[in-house]
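Beneath this line is the structure, given in structure tokens, with notes to follow.
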Amino acid sequence: MARDPGGVVVDKYCAGPFTDVRRETSGAREATYEAPPNIALVKYWGMRDRELGIPFNSSLSVTLDRFRSHTRVRFDPALSRDQVEINGAPAVGGPRDAVVRFLDRVRAESNLRDSATVVSDNNFPTASGLASSASGFAALAGAATRAAGLRWSGRQLSRLARFGSGSASRSVFGGFVEWHAGRKSDGSDCYARPLYPHDHWPELVDVVVLVEGAPVKEVRSAVAMQASVATSPLYSKRLFDVPRRLAAIRAAIGKRDAGRLFPLIMEECDDFRAVCESTRPSLDYLTATSRATLGEVRALNREGGSPIAGYTHDAGAHVHVFTLERHARRVRARLARLSGVRSTLVVRPGPGGHPILPRRSPRRDPNPRRRSR
Ligand code: DP6
């Protein structure tokens, strides 16, 4: 049976007394939550219901360590409108609207009318190539529900997070995570579940290859993927193939079988890219350096006679190369010397989202004379 570490962690916090939620006499209530990014080994690309954010196919990802979004939400009856700050600057336009819409969902669920202050920071720069919508909306789901007094399980948070960004439904949990597309038309069976904990396969590492001149994504993935559904001649074949591939990838992870896993994730990534490129107008996310990185991984595998690494990328130019600890130095050195590679980072499977306890205010000294000294 699949272990459920992320669920246990999140559910443990959700069930306990809400020591992380600060309630003030003014009626304001505040909570803080952190969540990590993830990289999909089986991609989510296309929604059968846009309104409800229900994907056509289930997907599978690895939650990454080292990086996180840290988000504080404070519902305050004294505020007249929502205030949103992301990475130290007030959010405006689309990004602000997306957060406000998300807060509206939480308000509707909790019968709360108060406006909120949202302060969110990523400890990774946008240029790191790690998508922040997954970690950002998973952290917002955790912080906003807790501040609103909702005691939600990991599954409920995952179901909510997808309304901000589909991939956020997976960042609620740590380790290896599967997001079930579900069958119901109301989306109630559409949520992510942890498959294996982050320490399930300690040898597995992700060498992230950051390329120079990665184009800024102009169209959100949520929009681009619907163009693929409508125009790519390869899309229906992809939907037919993904369940088999997903089952094989899940099994390879379960058995910690790198020789099986690496070719399968490359096959999946190649299929995803073919769908993007055959979309009209074509979606081309890679640079020449990204393509050279894919070629170098194939060359490394040919030289070794057996697969020692596997690549994947999402809707961007940076490439994630999975390998085993014992090959990581060699793989990294080979990729780092390709022309146009800005840097390489090594990341690993990591834990999922969790609440942050408020910092205790220093206890006041009752003797004012001593305090002034
Ligand atoms: C290719 O759910 O992250 O990364 O929030 O619009 O960026 P946006 O959509 P999002 O799309 C994910 C697309 C993907 C594949 C995946 O992560 O499964």
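The values are calculated or read from the model by the stated rules, or taken from the named source; none is laboratory data. The model shown is predicted, which means the values in this text are computed figures rather than measured ones. Every residue, glycine among them, receives a Cβ derived from its backbone with ideal geometry; neighbour counts consider all protein chains shown.
Structure above, values below:
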item: Test: residue in segment 70-86 that is assigned to a helix (DSSP H, G or I), hydroxyl-bearing (Ser, Thr, Tyr) and under 22 Å from the mean Cα position of the chain (by Cα); result: no
item: Test: residue in segment 343-351 that is assigned to a strand (DSSP E or B), more than 21 Å from Ala134 (Cβ to Cβ) and of a type in the set (Gly, Ala, Ser); result: yes
item: Matching residues, segment 211-238, being free of Cβ contacts under 8 Å to residues at least 24 places away in the same chain and away from the ligand (no atom under 15 Å from the Cβ); result: Ala230, Ser236, Lys237
item: Hey, Ser290 farther than 28 Å from Val341 by Cβ and in a helix (DSSP H, G or I) or not; result: no
item: Residue list for segment 124-171, restricted to those being assigned to a helix (DSSP H, G or I), within 13 Å of the ligand (Cβ to nearest atom) and among the basic types (Lys, Arg); result: Arg170
item: Scan of segment 208-224 for residues that are more than 17 Å from the chain's Cα centre (by Cα) and either among the charged types (D, E, K, R) or buried (at least 22 other Cβ atoms within 10 Å of the Cβ) (or both), ordered by number; result: Val209, Val211, Glu212, Glu218
item: Check on Ser282, at pLDDT 95 or above, outside any helix (DSSP H, G or I) and surrounded by fewer than 19 Cβ atoms within 10 Å (Cβ to Cβ); result: yes
item: Residue in segment 68-91 that is surrounded by the most Cβ atoms within 10 Å (Cβ to Cβ), counting only those that are of a type outside the set (Phe, Trp, Tyr) and farther than 24 Å from Ala131 by Cβ; result: Arg74
item: Residue ID - nearest to Ser58 (Cα to Cα), chosen from residues in segment 139-169 that are more than 11 Å from the chain's Cα centre (by Cα) and among the charged types (D, E, K, R); result: Arg159
item: Odd one out for Pro95 among (1) under 30 Å from Val341 (Cα atoms); (2) away from the ligand (no atom under 15 Å from the Cβ); (3) not in a strand (DSSP E or B); result: (2)
item: Contacts under 8 angstrom Cβ, first residue in segment 45-59 being within 13 Å of Ser236 (Cβ to Cβ) and modelled with pLDDT under 95, partner assigned to a strand (DSSP E or B) and not aromatic (Phe, Trp, Tyr), 6 or more apart; result: none
item: Per-region count, segment 40-54, residues surrounded by fewer than 24 Cβ atoms within 10 Å (Cβ to Cβ) and near the ligand (Cβ under 9 Å from one of its atoms); result: 1
item: Ser132 vs. criteria modelled with pLDDT under 95 and either crowded, with 24+ Cβ neighbours inside 10 Å or closer than 20 Å to Met225 by Cβ (or both); result: yes
item: Tally, over segment 92-117, of residues that are more than 16 Å from Ala148 (Cβ to Cβ) and surrounded by 16 or more Cβ atoms within 10 Å (Cβ to Cβ); result: 2
